[in-house]
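J.: Before we start, here is the structure in question, set down as structure tokens.
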Amino acid sequence: MCSRRHGGGRVRSMTPAEDRYIVLSAKRNRRTTAQQVANQFLAASGKQISRKTVARRLRRGELYARRPVVCVPLTRQRRTSRLQWCREHHNWTEQDWACVLFSDESRFSLSSDC
């Protein structure tokens, strides 16, 4: 009967401390890419690692690649008017809200055009 030898896999290129360093450096600046983190690691340690290795370490550290949300920032006047609207409507009941139609600027038709 054959048994698998312990530790017979590939030798890890990075230590657990280096893995933690990668996760911490990515957490310091959340907008850095995996390639930028790999370049920072090369400058700090002298070890060359791939972008994919960095991405795997970040996923293991529960950091996932996300695109930043692009939106128009609210002006002071717009924030003030939104707050005022909320204060005017915070006492509404479910029946009051049932009479409101939120269209979100979408096109829709109540009857068929056919």
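J.: Farthest toward the dipole's positive end in segment 9-110, which of Leu101, Ser45, Ala65, given Cβ charges of +1 (Lys, Arg) and -1 (Asp, Glu) about the Cα centre?
T.: Ser45
J.: Which residues make up the longest stretch of the chain that has no GluC sites (Glu not before Pro) in a DSSP loop with at most 11 other Cβ atoms within 10 Å?
T.: By the stated rule (loop sites, at most 11 other Cβ atoms within 10 Å), 1-61.
J.: Within a Cβ distance under 12 Å of Gln35, other residues only, what is the Lys/Arg minus Asp/Glu net charge?
T.: Residues close to Gln35 contribute a combined charge of +2.
J.: Which of Cys86, Cys71, Cys99 moves the most in a Gaussian network model of the chain with Cα springs under 10 Å?
T.: Cys99
J.: Which residue fluctuates most in the GNM of the chain (Cα springs below 10 Å): Arg57, Arg67, Arg78?
T.: In this elastic network of the chain, the residue with the biggest mean-square fluctuation among Arg57, Arg67, Arg78 is Arg78.
J.: If you don't mind, there's one more thing I want to ask. Can you tell me the alpha carbon radius of gyration of segment 43-108 divided by the globular rule-of-thumb value 2.2 N^0.38 Å?
T.: 2.14
J.: Would you compute the Debye intensity of segment 23-66 from its alpha-carbon atoms alone, equal scatterers and no solvent, and pass along log10 I(q)/I(0) at q = 0.25 Å⁻¹ to two decimals?
T.: -0.84
J.: Which value in deg cm²/dmol, rounded to the nearest 500, describes the helix-derived mean residue ellipticity at 222 nm for the chain, given -39,500 (n - 2.57) per DSSP H run of n ≥ 4 and division by the residue count?
T.: Values: 5 runs with 54 residues, N = 114.
Using -39500 (n - 2.57) per qualifying helix, the result is -14500 deg cm²/dmol.
J.: Taking the C-alpha atoms of the chain, how large are the radius of gyration and the largest Cα-Cα span, Dmax, in Å?
T.: Values for the chain (Cα only, Rg and Dmax): 26.4, 78 Å.
J.: Run the simple label-point estimate for Thr75 and Ser3 please: 7 Å along Cα→C-beta, distance reported in nm.
T.: Going by the 7 Å Cα→Cβ label model, 7.6 nm.
J.: While we're here: What do you get for trypsin sites (Lys or Arg not before Pro) in segment 7-40 restricted to DSSP loop and a cutoff of at most 12 other Cβ within 10 Å of the site's Cβ?
T.: Arg10, Arg12, Arg30, Arg31
J.: With a cap of 15 neighbouring Cβ atoms within 10 Å, and only residues DSSP puts in a loop, list the chymotrypsin sites (Phe, Trp or Tyr not before Pro) found in segment 66-103.
T.: On the way: sites: Trp85, Trp92, Trp97, Phe102; in loops: Trp92, Phe102.
Sparse-neighbourhood loop chymotrypsin sites (Phe, Trp or Tyr not before Pro): Trp92, Phe102.
Values in this text are rule-based calculations from the coordinates and carry no lab data. Since we're looking at a predicted model, the values are computed, not measured. Cβ coordinates were reconstructed from backbone atoms using ideal geometry, including for glycine residues, and neighbour counts include every protein chain displayed.
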